[in-house]
Amino acid sequence: MKTAEELRNDAVALRETITAGEAAGIIGVSEWTIYDLARRRVIPHIRVGRRVLFRRSSLLAWLEQQEAASIRHEPEQTGIIRRLGVNIKNPAAAGH
């Protein structure tokens, strides 16, 4: 027979939506940070009356997008000549 805590954990696992506190636990930030991200429309969320809920699948997809965006590299530019502060017209004036 399952304990009350095990039953509660099973119910949370079956729910499609999670609270800000649960979302904070998944992401690893404070609950207030989650509310701030939702307020600024950075993170996907659902408003039900005054409650702010998060769909677990949307939250995980958002995390994957954030991770993918963090490792995209711009193509390295080659062949660009940098100016070193040398005055071409008057090389003696450079550095003064």
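Taking only the stretch 10-21 into account, find how many residues are more than 18 Å from GLN66 (Cβ to Cβ) and either in a helix (DSSP H, G or I) or open to solvent by 60 Å² or more (accessible area, probe 1.4 Å) (or both). Before the answer, list the steps.
Taking the stretch 10-21 and keeping what is more than 18 Å from GLN66 (Cβ to Cβ), we get 10-17, 19, 21.
Adding the requirement that they be either in a helix (DSSP H, G or I) or open to solvent by 60 Å² or more (accessible area, probe 1.4 Å) (or both) leaves 10-16, 21.
Of the residues in that region, 8 qualify.
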> In this structure, does ALA38 turn out to be loosely packed, with under 11 Cβ neighbours inside 10 Å and in a helix (DSSP H, G or I)?
Replying inline: no
>> Which numbered condition in (1) modelled with pLDDT under 65; (2) out of contact with any helix residue (DSSP H, G or I) (no Cβ under 7 Å at 6 or more places or on another chain) is the only one that ASN87 fails?
In response: (2)
>> Scan the stretch 46-63 and tell me whether some residue there is modelled with pLDDT of 85 or more, open to solvent by 70 Å² or more (accessible area, probe 1.4 Å) and of a type in the set (Phe, Trp, Tyr).
In response: no
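In this structure, does ILE80 turn out to be among the aliphatic types (A, V, I, L, M), modelled with pLDDT under 95 and outside any helix (DSSP H, G or I)? If you could, list the steps in order and put the result at the bottom.
Details: among the aliphatic types (A, V, I, L, M): yes; modelled with pLDDT under 95: yes; outside any helix (DSSP H, G or I): yes.
When the stated conditions are applied, ILE80 passes them.
The values are calculated or read from the model by the stated rules, or taken from the named source; none is laboratory data. Since we're looking at a predicted model, the values are computed, not measured. Heads up, the Cβs are rebuilt from the backbone with ideal geometry, glycines too, and the neighbour counts pull from every protein chain shown. For the accessible areas, the whole protein counts, side chains as well, though only heavy atoms, and no ligand, DNA or RNA atoms are used. Shrake-Rupley method; radii C 1.70, N 1.55, O 1.52, S 1.80 Å.
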